[in-house]
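K.L.:
Just passing along the structure, written as structure tokens.
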Amino acid sequence: MQSSKMSGKATQKTSVFESEEPSSVDAKEELLDECESIWEQMEECQSKLTLIRAEPLAESDAKLSLLMMRMKALTAEFTQWQKRSPEIISTNPEVLLTLGKEELQKVKKDLEMVLSTVQSRNEKLKEDLEREQQWHDEQEKILDALKEIEKKMENEVVSHSKKRAFRELKDEILKVKAYKEELLNALGEFLEEHFPLPEEDGRAKKKKKKKSEESATQLITLHEILETLINKLLRTPHEPYVTINDSFWPPYIELLLRCGIALRHPEDPDRIRLEAFHQ
């Protein structure tokens with residue numbers, strides 16, 4: 001195989017040299033002679049190696065022995081090539097110029113192939129980059145849309161929670177109002193039953209007849225007195241006192257003061273207030 005390669009190279013170089021000018025014929029012949037002499041040396045080395053044979057081995061060890069021999073040969077050749085310095089085949093300037101041109105042409109072709117490969121790879125990377133950028137833009141749009149949806153949902157949740165809290169508070173207020181009305185009705189029924197107007201009592205009628213000439217003021221019930229005191233305390237807590245007039249029946253006032261439901265003003269005995277039970 002080596003001889004066929006060398007012969008192919010020689011014929012190739014011969015065809016190349018035939019296309020050169022007549023002035024470089026001597027340089028070509030000189031180069032061919034040097035190649036032939038080197039090839040003869042290689043054939044001699046190969047024949048010497050084939051003559052060297054080892055002792056006959058078993059079939060099981062033949063492959064191993066052959067591999068070991070090849071390894072040793074390659075190791076020795078590698079060592080020789082490391083120790084050997086590169087030699088110039090010829091010192092003829094024309095030969096060197098021709099070889100240099102050929103090498104430059106090979107390098108040029110290799111570089112062109114590398115450039116083409118790099119350009120194609122760059123085009124592919126550019127396409128990949130465009131696809132990735134497009135995918136990134138799409139993901140950003142999706143993310144923005146999700147953020148908008150999240151904000152809307154948060155607003156809806158907050159609004160719904162506020163509406164629910166307001167509705168619950170409104171329901172509680174209605175319940176409290178209903179309970180308040182129930183308490184007031186129960187209190188009114190209790191007061192009307194146990195604390196009627198003075199005119200409905202016999203003793204009250206006698207007293208009323210005695211005072212009819214002095215005053216014709218209509219007396220109010222105990223229920224109305226309590227309602228007046230409660231409204232005054234809730235509307236003006238900083239000034240909860242109510243002035244006692246002729247419509248307030250004195251026994252009811254004394255009852256409220258004696259039971260601790262009402263308190264007199266410390267400086268004005270004609271003014272009373274409701275005890276702040278809610279504080």
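K.L.:
Specify the residue that is farthest from the chain's Cα centre (by Cα); the eligible residues are those in the stretch 97-111 that are modelled with pLDDT under 90 and open to solvent by less than 80 Å² (accessible area, probe 1.4 Å).
P.N.:
Thr98
K.L.:
Using the structure shown, decide if Phe277 is under 23 Å from Leu184 (Cα atoms) and open to solvent by less than 70 Å² (accessible area, probe 1.4 Å).
P.N.:
Spelling it out, it is not the case that Phe277 is under 23 Å from Leu184 (Cα atoms) and open to solvent by less than 70 Å² (accessible area, probe 1.4 Å).
K.L.:
Only residues that are in a helix (DSSP H, G or I) and of a type in the set (Phe, Trp, Tyr): list them for the stretch 223-255, please.
P.N.:
Tyr252 - this is the single residue of the stretch 223-255 that is in a helix (DSSP H, G or I) and of a type in the set (Phe, Trp, Tyr).
K.L.:
Scan the stretch 256-266 residue by residue and report those that are open to solvent by 80 Å² or more (accessible area, probe 1.4 Å), assigned to a loop (DSSP other than H, G, I, E, B) and under 21 Å from Pro196 (Cα atoms). Reasoning before the result, please.
P.N.:
Within the stretch 256-266, the subset open to solvent by 80 Å² or more (accessible area, probe 1.4 Å) is 258-259, 264, 266.
Retained after the next criterion (residues that are assigned to a loop (DSSP other than H, G, I, E, B)): 259, 266.
Selection gives Cys259 alone.
K.L.:
So which residues in the stretch 240-255 are surrounded by 11 or more Cβ atoms within 10 Å (Cβ to Cβ) and closer than 14 Å to Pro266 by Cα, if there are any at all?
P.N.:
Once the filter is applied, which keeps residues that are surrounded by 11 or more Cβ atoms within 10 Å (Cβ to Cβ) and closer than 14 Å to Pro266 by Cα, the stretch 240-255 yields Pro240, Tyr241, Val242.
K.L.:
Sort out which residues of the stretch 95-110 are touching an Asp or Glu at 6+ places or on another chain (Cβ under 8 Å) and not hydroxyl-bearing (Ser, Thr, Tyr), and write them in order of number. So that I can check it myself, show each step before the final result.
P.N.:
Initially, the stretch 95-110 is screened for residues touching an Asp or Glu at 6+ places or on another chain (Cβ under 8 Å), giving 95, 98.
Passing the criteria: only Val95.
K.L.:
Being exposed (fewer than 11 other Cβ atoms within 10 Å of the Cβ), under 60 Å from the mean Cα position of the chain (by Cα) and either at pLDDT 85 or above or farther than 24 Å from Leu274 by Cα (or both) narrows it down to one of Lys210, Lys177, Lys206, so name that one.
P.N.:
Working: Lys210 fails: under 60 Å from the mean Cα position of the chain (by Cα); Lys206 fails: under 60 Å from the mean Cα position of the chain (by Cα).
Going through Lys210, Lys177, Lys206 in turn, the sole match is Lys177.
The values are calculated or read from the model by the stated rules, or taken from the named source; none is laboratory data. Note that the structure is predicted; figures quoted are calculated from it, not measured. All Cβ positions, even for glycine, are placed from backbone atoms using ideal geometry, and neighbour counts span all protein chains on display. Heads up: the accessible areas ignore ligands, DNA and RNA and are worked out on the full protein's heavy atoms, side chains in. Shrake-Rupley method; radii C 1.70, N 1.55, O 1.52, S 1.80 Å.
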